[in-house]
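Just so you know, all these numbers are worked out from the coordinates, no wet-lab data involved. These numbers come from a predicted model, not from an experiment. Virtual Cβ from ideal backbone geometry, glycine too; neighbours counted across all protein chains shown.
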Amino acid sequence: MIPYGHQSIDESDIEAVTAVLRGDWLTTGPSVAAFEEDLARLSGASRAVSVTSGTAALHVAYAALGVGAGDEVVTTPLTFVSTASCASVLGATIVFADVCEDTGNVDPQAVSAAMTKRTRVVAGVDYAGHPIDATALTQIAHQGNAVLLEDAAHSIGGSLDGQPVGSLADVTTFSFFPTKNLTTAEGGAVVSLRDEVANRARTYRSIGLVRDPAVLRSPDEGPWHQEVHAFGLNYRLPDVLCALGSSQLLRLPAFKARRVAITARYNRGLSGIDELRLPVCRQGADPVWHLYPLRIRDGRRRALFEHLRANDIQVQVNYLPVYRHPVYADLGYQRGMCPVAEDYYAQEISLPLFADLADADVDRVIDLIRGFVGA
């Protein structure tokens, strides 16, 4: 069986984790600080805040931005549900904007049309690892007195016009699930160009606890004293997982090179077939490809999916448009409201893509697809 995605763990990763297990700190210790410094340096952001998952990162980011009842968040429907649901649970209204036909990323023109005086955040997603059009989206968001959030769950290590993902938007979130470009087993992070947002994110992920004597309301209570000024949650990523993350960051260039090579091999093997639409890379973008989103345009997506699964190829589909989930349908969102995203979803199938995938396995996938379409 060829899996859809898989982590890459070597002896350096294992040694990094066991060193923490033999030490004094399992959580909230030096490995957390080191990982956050590593992330900030890689992403070009001023601050990084590690959390327990990519979903937690989105929740923390929206909370740090003050998203709540009466606010609107404009985002893409072609994403994992957390991009929208984490704003919904804070009381915001989600406004879905359609996507670009070529990249699957949210369309700046659609975002502009969706903006209102209530828009608090524009949330773009680096679909499959291709960076959003951050320049256009930043201008649109800021003109509307909103901020740009980049959901970079697919794209750590990528860049646009020479700028690293993490420095393109006001706030960026990462995911470190095992299938992602690097892993901490479970984990995520918020990085920001704005220190005040990063500070609020750090407090929120730590139950809202405040220890800084300069802001305590009862600073003379005693050296043990800490306060909660606003509600937060415990989203702290422990040292043992942060140590794995720092080790994986050292391997990220190799992971990127291999993902790029696999994508190129798929492109060569599947080019020139009328029924297929291959992923594109816009000028200036340097993706770390997380997905290989193949599109089959003859209406046989399900048949191809089942054909590959029957041959032990664990393909996936990314994603059901978010507003089609029952939780959003029950709020009144209608199918078909973003027709480009609907078409993309109807055609898309994600092929296996991970750093340890062998060339022979890539070629097997290619041969099965070519045989299916009669190429």
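Would you mind counting up the charge near Ile156? Only other residues with Cβ under 12 Å from its Cβ, with Lys and Arg at +1 and Asp and Glu at -1.
-1
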Inter-centroid distance (Cα atoms) of the stretch 118-156 relative to the stretch 268-324, Å
24
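Give me the orientation-averaged projected area of the Cα convex hull of the stretch 62-180, in nm², one decimal.
Numbers: hull surface 27.0 nm².
The orientation-averaged projected area of the Cα hull of the stretch 62-180 comes to 6.8 nm².
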With a cut-off of at most 12 other beta carbons within 10 Å, and DSSP calling the residue loop, which trypsin sites (Lys or Arg not before Pro) in the stretch 53-161 qualify? Please list them.
Lys117
Cα-derived Rg over Rh, computed across the stretch 252-373 with Rh taken as Kirkwood radius
1.00
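What is the diffusion coefficient of the stretch 223-263 in µm²/s, taking the Kirkwood radius over Cα pairs and the Stokes-Einstein relation at 25 °C with a viscosity of 0.890 mPa s? Walk me through the intermediate numbers first.
Working: Rh = 13.8 Å.
Estimated via Stokes-Einstein, D reaches 177 µm²/s.
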Calculate, axis by axis, the spread of Cα positions in the chain along the three principal axes, and write the results as whole Å, longest axis first.
78, 52, 37
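Output the relative contact order of the stretch 11-248, whole-number percent, from Cα pairs under 8 angstrom with separation of 6+ residues. Provide the component values of the computation, followed by the final result.
Working: 534 pairs, mean separation 63.0, N = 238.
Dividing the mean separation by the residue count of the stretch 11-248 yields 26 percent.
Please list 125-137, 49-61 highest first by mean number of surrounding beta-carbon atoms within 10 Å per residue. Can you show the working numbers first?
Working: 125-137: 25.2, 49-61: 27.2.
Result, highest mean first: 49-61, 125-137.
Suppose R0 equals 25 Å; then what is the FRET efficiency for Val89 and Gln283 from their Cβ-Cβ distance, rounded to the nearest 0.05? Intermediate values should be presented prior to the final figure.
On the way: r = 38 Å, r/R0 = 1.51.
The pair Val89/Gln283 has a calculated efficiency of 0.10.
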Only counting other Cβ atoms within 10 Å, I'd like Phe354, Phe176 sorted with the fewest neighbours first.
Phe354, Phe176
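How big is the Kirkwood radius of the stretch 122-250, worked out from every pair of different alpha carbons and given in Å to one decimal? Intermediate values should be presented prior to the final figure.
Values: mean 1/r = 0.0609 Å⁻¹.
Its Kirkwood hydrodynamic radius stands at 16.4 Å.
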Report the Cα centroid-to-centroid distance between the stretch 25-48 and the stretch 53-113 in angstrom, as an integer.
26
Cα pair distances in the stretch 251-316, grouped into 5 Å bins until the bin that holds the longest one, percent each
3, 15, 20, 24, 20, 10, 6, 1
Nearest-5 percent of antiparallel DSSP beta bridges in the chain?
60
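Compute the longest continuous run of the chain that contains no exposed GluC sites (Glu not before Pro); treat a site as exposed when its DSSP state is not H, G, I, E or B and it has at most 14 other Cβ atoms within 10 Å.
On the way: sites that count: Glu101, Glu221.
Counting at most 14 other Cβ atoms within 10 Å as exposed, the longest clean stretch of the chain is 222-375.
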